[in-house]
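Comments concern the structure below.
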Amino acid sequence: MAIEYLKRGKSDADRAEDDAKTRAVVEATLKDIETRGDAAVRELSEKFDNYSPASFRLSQQEIDDLIAQLSDRELADIKFAQEQVMNFARAQRASMTDIEVETLPGVILGHKNIPVQSVGCYVPGGKFPMVASAHMSVATASVAGVPRIIACTPPFQGKPNPAVIAAMHLGGADEIYVMGGIQAIGAMALGTETIDPVHMLVGPGNAFVAEAKRQLFGRVGIDLFAGPTETMVIADETVDAEICATDLLGQAEHGYNSPAVLVTNSRKLAEETLSEIDRLLGILPTADTARVSWEDYGEVILCDSYDEMLQVADEIASEHVQVMTDRDDWFLDNMTCYGALFLGPRTNVSNGDKVIGTNHTLPTKKAGRYTGGLWVGKFLKTHSYQKILTDEAATLIGEYGSRLCLLEGFVGHAEQCNVRVRRYGGINVPYGAPAPYRDAAE
């Protein structure tokens, strides 16, 4: 076996040291929330978000006023994306049936699918307003039939983000709180004087949010370990450096510790992708974040064969795996450890993040070895994948995805969609611009 690293990220030892520091901060903070309740939550919100409203819970009037700030187009795009997620969740839910069987004469065995009675959904939003995360947690919990759904999101630029609040409300949240980080996770799980605790926590977040969920697991249920985003591109010479670099940086812009890995059997593609990443970092508006992630956590791994590529991919067990080869379905048939697969150059991780319908709350830090992503069935090891077969579909989804990404400020995500709109739709979308809206009847 001849695997060569053309670029390495932080060592395992350095990553472990970072994790240890995070664990200590989270442990102390959760103890404070459990002891002092609302007072601790308010102090943390003032300290980290400079936000201290009369009430962290939004009233119905406040929700209505925030939704009214959105344009008709923005609201329609949010509803389109949410409907795709709910459609897939409904199909998954329909696959889970109650059964009653007579295994022996007079012996009746059965099972029922009973929803968790209360769920707390965390929707990230301090750096970017993660509108799509509300669909993935709140709307999916609603499809599952959860009786009480509460949702928390941090303020964005000092106030509630209208698009996130709209997605939470439309998705079926019964209570909406504007608070973020460890204080939100702790308040939902432990309860305070004004917030009743929940039975389960779901949703992605930064390293502190993920660690808070990990420490609270057992006291409450959690969906899975969903920390900072991870992406892997498995590619051969059927694609080029532009599309590989775009897909890597499109996810590296999430935060300063977002691993992005290229696995390839082409030295030419590997070297050209490294050069293309340097070029794109010169023009990407979110390059300040993406560059740090790429420098500290980016990797380029050169393999001799497809079998080696498969082995490396399963060992890393990345959250998102973009496969662009001459044998995409072979990887689908043979990969066993990942969050979700994105098959072929017409699709991309941004589709799954925002609009196509599969859930984007997925296992990180090798958790894909034992669990799949969030879905109505939860905790069963169920994996999602997606495939776009026609140019028309790639263009349609790309247009919606482009606008929805820019609504949240994810220029790199939008470019993942735009490059498909240009290639498969022949529409000239300038770099970083939203795709134009075309009525479906045209």
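The values are calculated or read from the model by the stated rules, or taken from the named source; none is laboratory data. In this text the structure is predicted, and so the values were computed from the model without any measurement. Methodologically, a virtual Cβ is constructed for each residue, glycine included, from the backbone with ideal geometry; neighbour enumeration extends over all protein chains shown. Please note that ligands, DNA and RNA were not included when accessible areas were found on the heavy atoms of the full protein model with its side chains. Shrake-Rupley method; radii C 1.70, N 1.55, O 1.52, S 1.80 Å.
Return the pair list, or none, for Cβ contacts closer than 6 Å from residues in segment 223-242 that are free of Cβ contacts under 8 Å to residues at least 60 places away in the same chain to residues that are polar (S, T, N, Q), at least 6 apart or on different chains. The qualifying pairs are E237/S266; A241/T273.
Just need a number here: residues in segment 278-301 that are within 15 Å of Q416 (Cα to Cα) and not in a helix (DSSP H, G or I). Matching residues across segment 278-301 total 4.
Looking across segment 52-69, just one residue is open to solvent by 80 Å² or more (accessible area, probe 1.4 Å) and in contact with an Asp or Glu (Cβ under 7 Å, 6 or more places away or on another chain), and that is R57. The residues in segment 102-141 that are closer than 14 Å to W375 by Cβ and aromatic (F, W, Y) can be counted, and the count is 0. Those strands (runs of 3 or more DSSP E) of segment 187-276 in which 1 or more residues are polar (S, T, N, Q) and buried (at least 24 other Cβ atoms within 10 Å of the Cβ) occupy 231-235, 260-264. Between a first residue in segment 1-21 that is closer than 12 Å to N257 by Cβ and a second residue that is among the acidic types (D, E) and surrounded by 13 or more Cβ atoms within 10 Å (Cβ to Cβ), which pairs have beta carbons less than 7 Å apart while being 6 or more apart in sequence or on different chains? These pairs meet every condition: G9/D296; G9/E299; K10/D296.
Residue-by-condition table, conditions (1) at pLDDT below 90; (2) among the acidic types (D, E); (3) under 13 Å from the mean Cα position of the chain (by Cα); (4) under 19 Å from V138 (Cα atoms):
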site: D328; (1), (2), (3), (4): no, yes, no, no
site: N334; (1), (2), (3), (4): no, no, no, no
site: Y338; (1), (2), (3), (4): no, no, no, no
site: L343; (1), (2), (3), (4): no, no, no, no
site: L362; (1), (2), (3), (4): no, no, yes, yes
site: T371; (1), (2), (3), (4): no, no, no, no
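The set of residues in segment 1-13 that are over 20 Å from R267 (Cβ atoms) and either loosely packed, with under 11 Cβ neighbours inside 10 Å or among the aliphatic types (A, V, I, L, M) (or both) comprises S11, D12, A13. A single entry from V209, V261, V239, V202 fulfils the requirement of being more than 23 Å from S133 (Cα to Cα), touching a helix residue (DSSP H, G or I) at 6+ places or on another chain (Cβ under 7 Å) and not acidic (D, E): V261.
Being among the hydrophobic types (A, V, I, L, M, F, W, C) and at pLDDT 90 or above is a property that does not hold for L380. Restricting attention to segment 70-113, the residues that are over 18 Å from V376 (Cβ atoms), open to solvent by less than 80 Å² (accessible area, probe 1.4 Å) and outside any loop (DSSP other than H, G, I, E, B) total 11. Counting the residues of segment 387-434 that are assigned to a loop (DSSP other than H, G, I, E, B) and either more than 22 Å from the chain's Cα centre (by Cα) or surrounded by fewer than 21 Cβ atoms within 10 Å (Cβ to Cβ) (or both) gives 12.
Given the criteria part of a helix (DSSP H, G or I), over 30 Å from K112 (Cα atoms) and at pLDDT below 95, does A440 qualify? Taking the combined requirement at face value, the residue does not satisfy it. Within segment 284-310, the set of residues being among the β-branched types (V, I, T) and either at positive phi or at pLDDT 95 or above (or both) comprises V300, I301. Looking at the structure I just gave you, is K366 open to solvent by 10 Å² or more (accessible area, probe 1.4 Å) and at positive phi? It is true that K366 is open to solvent by 10 Å² or more (accessible area, probe 1.4 Å) and at positive phi. If you filter segment 48-69 down to residues that are part of a helix (DSSP H, G or I) and touching a residue at least 60 places away in the same chain (Cβ under 8 Å), you find that the one that is farthest from S350 (Cα to Cα) is E62.
One residue alone among T347, T358 is in contact with a Gly (Cβ under 9 Å, 6 or more places away or on another chain), hydroxyl-bearing (S, T, Y) and buried (at least 19 other Cβ atoms within 10 Å of the Cβ), and that residue is T358. Might you let me know whether segment 288-311 holds any residue that is touching a Cys at 6+ places or on another chain (Cβ under 9 Å), surrounded by fewer than 18 Cβ atoms within 10 Å (Cβ to Cβ) and not charged (D, E, K, R)? Yes, some residue in segment 288-311 is touching a Cys at 6+ places or on another chain (Cβ under 9 Å), surrounded by fewer than 18 Cβ atoms within 10 Å (Cβ to Cβ) and not charged (D, E, K, R).
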